[in-house]
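Chemist: One structure follows; several queries about it will come next.
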Amino acid sequence: MKKVMMKRKATALILGLSLVPMAAVFSMSASAASAIQVEYNQSNIVFPDQKPILQKNRTLVPIRPIAESLGFEVDWNEVNRTVIIKKGSDQVRLVVSQKLARKNGETIQLDVPTQIVNKRTMVPVRFIAEALQYDVNWDQEAQTVLIADPASAGTPSENKTATAQTTQPEQPEAEIKQQKEEVTFIDPEEITANSANLMGLGIYIIKGKAEPGLEISVQLADKTYDVEVASDGSYKFELMDKIFADGYTLTVSDGDQEQIIEGEFTKRN
């Protein structure tokens, strides 16, 4: 009986010791993520719940606390999973799970898609620079994202941190890459896109003409669908599902070149 008890204790001890390194790894990972701070004009931005995180060498930040600190109004559309940010005459639209943002009708390509983490909408920090047009720098020593009004760029405190930015892959400035040269495979005006609602289901039809051999995909809400292009270049996307969307994203690609088209559905009764 004593041998059995000793064996059980030894097994429990080994199991407990085996879990210590794993717990330490998770603790260090969570600590590294929570250590990232964000400042606007040298004032710290408070994140009440979800903190900035690192994901695939990209810094993601909760958009609402930052946008509101910059003076933007933030609206959330649960049905379309869309964030609308407004300030003066500027309006920016983000859709969860998409790598696109729309500012005043202009499309902005992001490296990392907008996503939900802990019920918060997270965006890559480069979005602040590209879409909202603020100066964004990275203080490696303080692990802090520095956001400043364009007019205040070039102050000594900001210049001091700029020299360390090119050597770290996770730094915000390193995330701002030159966008690919825009190509046009399909004229957006030639796309027919209709939608309707039937007994709680959304019905969507997108069709048009393209060069044979092109690859086409359609994104609705947070789902992406491949569309077959016929030998004559015609394509037609049809879907009936519990998905409700006012707009769509059509991606047309040929090798490493791609055209991204955002459009709105014409609703039919």
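Chemist: Using packing as a proxy for protection, rank 242-250, 125-133 so that the peptide with the highest average count of other Cβ atoms within 10 Å comes first.
Modeler: On the way: 242-250: 17.1, 125-133: 20.1.
Sorting 242-250, 125-133 by mean packing, highest first, produces 125-133, 242-250.
Chemist: Non-local amide H neighbours of Leu110 (under 5 Å, H modeled in plane, Pro and chain starts lacking H): which ones?
Modeler: Result for Leu110 returns Leu100, Ala101.
Chemist: Treat region 193-268 as a sphere of radius equal to its Kirkwood radius over Cα pairs and apply Stokes-Einstein at 37 °C in a medium of 0.692 mPa s; give the translational diffusion coefficient in µm²/s, rounded to a whole number.
Modeler: The calculation lands on 256 µm²/s.
Chemist: If amide H atoms are built 1.01 Å from N in the plane of the peptide, which residues on other chains or at least 5 residues away come under 5 Å of the amide H of Ile243?
Modeler: Gly202
Chemist: Stokes-Einstein diffusion coefficient for region 75-134 at 4 °C in a medium of 1.567 mPa s, Rh from the Kirkwood formula over Cα pairs: what value in µm²/s?
Modeler: 111 µm²/s
None of the figures in this text is laboratory data; all of them are computed from the coordinates on show. Being a predicted model, the structure only gives us computed values, none of them experimental. Backbone-built Cβ (ideal geometry, glycine too); neighbour counts: all protein chains shown.
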